[in-house]
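Just below is one structure, and these are the notes that go with it.
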Ligand SMILES: Nc1nc2c(c(=O)[nH]1)N[C@H]1C(S)=C(S)[C@@H](COP(=O)(O)O)O[C@H]1N2
Ligand SMILES: [Mo]
């Protein structure tokens, strides 16, 4: 037991002392004795019937079309850094196509020497790699610009999730087709009804982009792009084209509807920022967070998630006094590039009203801004790319709400 763990334990003993000694040993043994045979073995696992964590349905197309919308990850109900596939947020613009991998094909064409059509069987024969990365919708946090911010972490930050993705480095296929001189972008297109398409610079495509077919040890979920999607590490969710069916090499970006009418940031001077691909450093406290309730004064572990599209999380600081002082939180190992980091800080609540907030610094030295600083830089026109510090308020009765 490390020194800090022992301190924790001693404090816990003091906090829970009465409750811990109250039960007699015999009663404990009787309580843990199984009473009857369990359920039989099963071919595909299910979680315990007592677990309730759910994605939250946010139909953006409410009143328009039920296929348009998103669900949010219950970040406050997940442990560690991996989001279970069943809870990975979804964002789709034309529903979830039901694609048979036996007939799915990927076409790579445009400014290439040798255009190629690949089946899923072809793709599975190529060298692949597994990497843990978050995906975040650039609309995550769109609730956080004004005075009426979201009441809980699922609504405010749940359009981010982190999975282990398995797939073929796109660079292998680009070498195979032979990119012609002059091509410097590619356009990736999905097989869904809206044909979502995004332009990606060739430099990034040749760097770390994956044609992913695996998620957390099994095939992608249909909602995540089965049977094939792009994973563009650290870039806004929208560029991670799902149900990928076509890659076309081009000279200049295509200016698709998804990168002109959407996913741009209107600045105060009337100009718009475009191709703001990289997700900037961000963090959120998931316990205690909005909608939860502390059972009384005493010891707790403040915990949360931090991430950056530019690399590793270097530091997470937590303030329990309205931002006057900051303490460095412990971060679980391994600290991966462009993945969630889990931070933790022991905290003693004295029963008084307090505010809690976290601030992430990434390995480039970039520091997560306050909401005021973000608005000063970007104004209030923009919907996307809100990475401001999130503040939770703990009331004297232990209830946690949006500050
Ligand atoms: N073909 C296609 N790809 C898509 C989308 C889509 O609607 N169609 N949505 C994009 C958006 S806006 C986001 S945020 C991510 C979400 O990925 P996820 O649903 O696996 O979380 O997928 C992107 N890829
Ligand atoms: Mo998105």
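Values in this text are rule-based calculations from the coordinates and carry no lab data. Just so we're clear, the structure is a prediction, and the values are computed from it rather than from any experiment. Every residue, glycine as well, gets a Cβ built from its backbone with ideal geometry; the counts of neighbours run over all protein chains shown.
If you build a Gaussian network model of the chain, linking Cα atoms that sit under 10 Å apart, which residue out of 42, 156, 382 swings the most?
Most flexible of the set in this elastic network: 42.
Taking only the Cα atoms of region 216-344, how large is their convex hull per residue, in Å³? Walk me through the numbers before you get to the answer.
On the way: hull volume 26.6 nm³, N = 129.
Dividing the Cα hull volume of region 216-344 by its residue count gives 206 Å³.
Of the candidates 344, 330, 47, which one comes out as most mobile in a Gaussian network treatment of the chain with C-alpha springs shorter than 10 Å?
Result: 47 has the largest fluctuation of those listed.
Counting alpha carbon pairs within less than 8 Å and at least 6 residues apart, what relative contact order, in whole percent, applies to the chain? Don't jump to the answer; show the numbers that get you there.
On the way: 900 pairs, mean separation 61.5, N = 403.
Rounded, it is 15 percent for the chain.
Starting from the alpha-carbon convex hull of region 282-402, give the projected area averaged over all orientations, in nm². Write out the running numbers ahead of the final one.
Values: hull surface 30.7 nm².
Its average projected convex-hull area is 7.7 nm².
Pulled fully out, how much extra length does the chain show between residue 105 and residue 330, if you take 0.36 nm times their separation in residues and subtract their Cα-Cα distance? If you can, show how the numbers build up before the last one.
Numbers: separation 225, 0.36 × 225 = 81.00 nm, distance 4.54 nm.
Using 0.36 nm per residue and subtracting the Cα-Cα distance, I get 76.5 nm.
Determine Rg/Rh for the chain; Rg is computed over alpha-carbon atoms and Rh is the Kirkwood hydrodynamic estimate from the same atoms. Each step should come with its number before you reach the end.
Numbers: Rg = 23.5 Å, Rh = 23.1 Å.
Taking Rg over the Kirkwood Rh, I get 1.01.
For an R0 of 51 angstrom, estimate the FRET efficiency from the Cβ-Cβ distance between residue 293 and residue 114 and round to the nearest 0.05. List each step's numbers first, then the result.
Numbers: r = 62 Å, r/R0 = 1.21.
Between residue 293 and residue 114 the formula returns 0.25.
Pop the C-beta distance of residue 79 and residue 393 into the FRET formula with R0 = 22 Å and round what comes out to the nearest 0.05.
On the way: r = 24 Å, r/R0 = 1.11.
Plugging the Cβ-Cβ distance into 1/(1 + (r/R0)^6) gives 0.35.
Considering only C-alpha atoms, what is the centroid distance from region 137-162 to region 336-369, in Å?
16 Å
What are the extents of the Cα atoms of region 141-199 along their three principal axes, listed from largest to smallest and rounded to whole Å?
51, 26, 24
Can you give me the P(r) profile for region 57-195? Cα pairs, bins 5 angstrom wide beginning at 0, each as a whole percent.
Going out from 0 Å in 5 Å bins, region 57-195 shows 2, 8, 13, 15, 17, 16, 13, 9, 6, 2, 0 percent.
Expressed in nm to one decimal, what extension gain is obtained for the pair residue 219 and residue 94 from 0.36 nm per residue of sequence separation less their Cα-Cα distance? Mind showing how you got there, number by number?
Values: separation 125, 0.36 × 125 = 45.00 nm, distance 2.14 nm.
Additional length available on full extension: 42.9 nm.
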